[in-house]
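J.: Input: one structure, supplied below.
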2 protein chains.
Amino acid sequence: MKCRICKEKAVIKIRRHNLPLCRKHFIERFESETRRVIKRYKMFTRNDKIAVAVSGGKDSLSLLYCLNKLGYNVTGIYINLGIFKENYSANSQEYVIKFKEKFNLPVIIYDIKENQGKGIEDLLKRGRGEKPCSVCGMVKRYLMNRLAIEEGCNVVATGHNLDDEASRLFGNIIYWQEEHIEHQFPVLPEENGLLKKVKPFTFFTEKETSLYAILNGIPYIRDECPYSIGAKTIKYKEILNKLENDSPGTKYRFLKGFYEFKNKVKIENLRSFKGTKNCKKCGMPTTREICTFCMAFENHPFIKSVQNISISEKE
Amino acid sequence: MKCRICKEKAVIKIRRHNLPLCRKHFIERFESETRRVIKRYKMFTRNDKIAVAVSGGKDSLSLLYCLNKLGYNVTGIYINLGIFKENYSANSQEYVIKFKEKFNLPVIIYDIKENQGKGIEDLLKRGRGEKPCSVCGMVKRYLMNRLAIEEGCNVVATGHNLDDEASRLFGNIIYWQEEHIEHQFPVLPEENGLLKKVKPFTFFTEKETSLYAILNGIPYIRDECPYSIGAKTIKYKEILNKLENDSPGTKYRFLKGFYEFKNKVKIENLRSFKGTKNCKKCGMPTTREICTFCMAFENHPFIKSVQNISISEKE
């Protein structure tokens, strides 16, 4: 199999375009596509300061690497969640440190157990049987936003890829989760204390982001979080992979078609879960008196310096 | 397993309600649910004359039987499509005749090959590799509408069940087929020469409609059309059955959620395939000079008596 452009040995075939590419041309295309998506969805410019949420995995580390290479002002933020099962947090942190040292890129490391007194596993133990992924998601969304504000960033970028987004969409649509359908888009604007959120890799498959990481010598953790086993998104990924296999391009068309559809429909009277109040403890937007994050960590000190923060402080 | 209502032996458990029912209470519930859906979606009243599209299968024959029992003014219309493979059309017609004689209900039998000079297989042979189901669907939609008008009916009812509608929705959404998404609803209003179309069984599973047919001694063809093998809708049904199995009620929530979502969104600027012209040969709505049906049967006589029909003629 030879590269369509230069006839050198191909390292991948982009199946939905039936396009074989060599190392050099794959990387070139990957980076120009990333820039195109950033511009197309008005994600950010070189004047913005971007917090890249890194987990130690292929997607987020590739994103930090790629955005830096494209000349954007980036800072990685890694949250050690305190997952001791299978040594998961410690292992992923190790990869982040390796990455940071190898490429000499700024990455903040925040240890939740050290700073908040509790890790994810403590929350799960004391919880009421909540699903691990939903607790973890809440904690990550909250902290990433606050830490990014603390770092003076005005955008949060995450490494979600096509497989993530398509399976998430699949789950939202099978059950018509209106609020989530409304909030699924490659870019979500800043509002009421929540920074703008963007997903520049939304149209790359898992295979493409892994290959980009490998070709650039990015060290990353291969293991999945031990708590994600049996998660519905994994089941949905399997279904989508089967459909993709029968008909290449299915995942892309499913997600892209949804974004286009969303632009054409006007959604009215949907249930909303946007916070209209501000948490009495930390000042972040919430639908109740005390936000879910503060409730979960009750009786523990909050992130220092970000108490009573308001939107103007980060501008 | 005992009936939740009378403690007699149950014949089915409605999984999404975890509700076991005996023969009598299943039939009662099936019929009252049918009536409820008809009223909820304002499908028709006892003053309407309803054409029920019958195929010889469990769904359509059950629908004709059930609507008649509920006191509606119904006429069955059966189209012999000229499918000679596996003797499919002849077999299905036989079941329709058995049904008609057993219950003494009015059913019109229309033989497409006799009246139009060509059957589906002739169209496929001379076609340009169109998919059988799409040619057949076009012919059935067209003829059912015209024959219903000829019979003086003002509504066309079809036996589509939850499995059909959920898998159709699945296919439309995986590829965001806007026109089809816009047109998928339990009731479509009359417009420009197309009668009102309704699907009273839209929330019953295949299992429920089969059981209703069996319990009422309705003879029906068990075979699937030989041309539907490998159809995508069958693949989608398998996926939905798997999800349903893991989580009972998934299909219902998926379809019902979609109908509710549709009521909340305003769809703007969607591509439309509604006919704005009238076919120069048969007068039916079309997007071109000559409609697809007439194109397919070119050089063959059209249905007598319905030439140049206009909306007012059927009122």
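J.: Looking only at B:Asn73, B:Asn87, B:Asn154, which one moves most when chain B is put into a Gaussian network model with springs between Cα atoms under 10 Å?
T.: Comparing B:Asn73, B:Asn87, B:Asn154 in a Gaussian network model of chain B, the most mobile one is B:Asn87.
J.: Once a ≥ b ≥ c are taken as the square roots of the eigenvalues of the Cα gyration tensor of the stretch A:1-86, is the result rounded (a/c under 1.5), prolate (a/b larger than b/c) or oblate (a/b not larger than b/c)?
T.: Oblate.
J.: Next question. Calculate, for chain B, the solvent-accessible area per residue in square angstrom, rolling a 1.4 angstrom probe over the heavy atoms of the protein chains.
T.: Per-residue accessible area for chain B comes out at 48 Å².
J.: Would you grab the residues whose amide H sits under 5 Å from the one on B:Asn80? Only those 5+ places off in sequence or on another chain, please, with H modelled 1.01 Å from N.
T.: Amide H neighbours of B:Asn80, under 5 Å, 5+ apart: B:Tyr110, B:Asp111, B:Ile112.
J.: Could you work out, for the stretch A:97-167, what percent of all Cα-Cα pairs fall into each 10 Å distance bin, beginning at 0 Å and stopping at the bin that holds the largest distance?
T.: The distribution over the stretch A:97-167 is 15, 37, 38, 10, 0, given as percents.
J.: Probe 1.4 Å, all protein chains in place: accessible area of B:Phe297 in Å², nearest 10?
T.: B:Phe297 exposes around 0 Å² with every protein chain in place.
J.: Indicate the residues belonging to the stretch B:170-198 that lose 20 Å² or more of solvent-accessible heavy-atom surface (probe 1.4 Å) upon moving from the chain alone to the assembly of all protein chains, ignoring ligands and nucleic acids.
T.: Buried by the other chains: B:Phe170, B:Ile173, B:Ile174, B:Tyr175, B:Trp176, B:Glu178.
J.: How big is the antiparallel share of DSSP beta bridges in the stretch A:1-118, given as a percent to the nearest 5?
T.: 25 percent
J.: Could you pull the copy-to-copy label distances for A:Glu8, with points set 7 Å along Cα to Cβ, in nm to one decimal and sorted shortest first?
T.: 7.8
J.: Per-residue HN-Hα couplings for the stretch B:161-176, Karplus 6.51 cos²θ - 1.76 cosθ + 1.60 at θ = phi - 60°, whole Hz, x for Gly and Pro?
T.: 9, 4, 5, 4, 5, 5, 6, 5, 4, 4, x, 5, 7, 4, 10, 6
J.: Given axes a ≥ b ≥ c from the Cα gyration tensor, I'd like to know whether chain A is rounded (a/c under 1.5), prolate (a/b larger than b/c) or oblate.
T.: Taking the square roots of the gyration eigenvalues as a ≥ b ≥ c, chain A is prolate.
J.: Continuing with the same structure: Where the label is 7 Å out from Cα toward Cβ, how close does A:Glu298 come to the same position in every other copy, in nm, shortest first?
T.: Label-point distances to the other copies, shortest first: 7.7 nm.
J.: Of the heavy-atom accessible surface of the stretch A:37-103 (probe 1.4 angstrom), what whole percent is carbon and sulfur?
T.: Of the solvent-accessible surface of the stretch A:37-103, carbon and sulfur hold 46 percent.
J.: Using a 1.4 Å probe on the protein heavy atoms only, what accessible surface does A:Trp176 show? Give it in Å² to the nearest 10.
T.: The value for A:Trp176 is about 20 Å².
J.: Taking R0 as 45 Å, what FRET efficiency do you get between B:Glu191 and A:Arg15 from their Cβ-Cβ distance, rounded to the nearest 0.05?
T.: It comes out at approximately 0.60.
J.: Hey, how many Å between the Cα centroid of the stretch B:214-234 and the Cα centroid of the stretch B:136-159?
T.: First find each Cα centre; the distance between them is then 20 Å.
J.: Quick one: among A:Thr158, A:Thr34, A:Thr287, which has the greatest mean-square fluctuation in a GNM of chain A with alpha-carbon springs under 10 angstrom?
T.: Comparing A:Thr158, A:Thr34, A:Thr287 in the GNM, the peak value goes to A:Thr287.
J.: Here's a follow-up. Given a cut-off of 26 Å, name the pairs among A:Lys24/A:Lys69; A:Lys49/A:Lys280; A:Lys39/A:Lys102; B:Lys58/B:Lys125; B:Lys125/B:Lys277 whose C-alpha atoms lie farther apart than that in the structure shown.
T.: Table pairs above 26 Å Cα-Cα are A:Lys49/A:Lys280; A:Lys39/A:Lys102; B:Lys58/B:Lys125; B:Lys125/B:Lys277.
J.: Chains B and A: buried accessible surface, both sides, probe 1.4 Å, rounded to 100 Å²?
T.: Buried: approximately 2800 Å² between A and B.
J.: Please report the Cα spread of the stretch A:121-207 along all three principal axes, rounded to whole Å, starting with the longest.
T.: That gives 38, 38, 29 Å along the principal axes, largest extent first.
J.: Averaged across the residues of B:252-261, what count of C-beta atoms belonging to other chains lies within 10 Å of each residue's C-beta?
T.: That average works out to 3.
J.: Express in Å², to the nearest 10, the accessible area of A:Arg168 obtained by rolling a 1.4 Å probe over the protein heavy atoms while all chains stay in place.
T.: My reading of the accessible area for A:Arg168 is about 70 Å².
J.: Normalised by the residues of the stretch A:36-100, what does the relative contact order come to in percent, with Cα pairs under 8 Å and at least six apart?
T.: This gives 32 percent for the stretch A:36-100.
J.: Run the numbers on chain A and let me know its relative contact order in percent, using alpha-carbon pairs under 8 Å that are six or more apart.
T.: That works out to 19 percent.
J.: Additional query: Okay, helix-only estimate at 222 nm for the protein assembly as shown: each DSSP H run of n ≥ 4 adds -39500 (n - 2.57), divide by all residues, round to 500 deg cm²/dmol; what do you get?
T.: -14000 deg cm²/dmol
J.: Quote the relative contact order of the stretch B:50-207 in percent (integer), defining contacts as alpha-carbon pairs under 8 Å separated by 6+ residues.
T.: 25 percent
J.: Next question, about the same structure. Wrap a convex hull around the Cα atoms of the protein assembly as shown, take a quarter of its surface area, and give that in square nanometres.
T.: 34.1 nm²
J.: Taking amide H atoms as placed 1.01 Å from N in the peptide plane, list the residues 5 or more away in sequence, or in a different chain, whose amide H sits under 5 Å from that of A:Leu19.
T.: Residues meeting the amide H criterion: A:Ile14.
J.: What is the set of long-range amide H partners of A:Lys49 at a cut-off below 5 Å, with H atoms built 1.01 Å from backbone N?
T.: Hits under the 5 Å cutoff: A:Asn154, A:Val155.
J.: Give, ordered by residue number, each residue of the stretch A:220-246 whose 1.4 Å probe accessible area is reduced by a minimum of 50 Å² on adding the remaining protein chains to the chain alone.
T.: By number: A:Lys235, A:Ile239, A:Leu243.
J.: Can you list, shortest first and in nm, the gaps between the label point of B:Glu260 and those of its counterparts in the other copies, using a point 7 Å from Cα in the C-beta direction?
T.: Copy-to-copy label distances for B:Glu260: 2.9 nm.
J.: Please identify, among B:Val187, B:Val135, B:Val52, the residue showing maximal mean-square fluctuation in a Gaussian network model of chain B using a 10 angstrom Cα cutoff.
T.: Judging by the Gaussian network model, the answer is B:Val135.
J.: Something else about it: Give me the extension gain from B:Leu215 to B:Ile5: residue separation times 0.36 nm, minus the current Cα-Cα distance, reported in nm with one decimal.
T.: Fully extending the segment from B:Leu215 to B:Ile5 adds 73.8 nm.
The values are calculated or read from the model by the stated rules, or taken from the named source; none is laboratory data. Bear in mind the structure is a predicted one, so any value in this text is a computation, not a measurement. Every residue, glycine among them, receives a Cβ derived from its backbone with ideal geometry; neighbour counts consider all protein chains shown. With ligands, DNA and RNA removed, areas are computed over all heavy atoms of the protein, side chains included. Shrake-Rupley method; radii C 1.70, N 1.55, O 1.52, S 1.80 Å.
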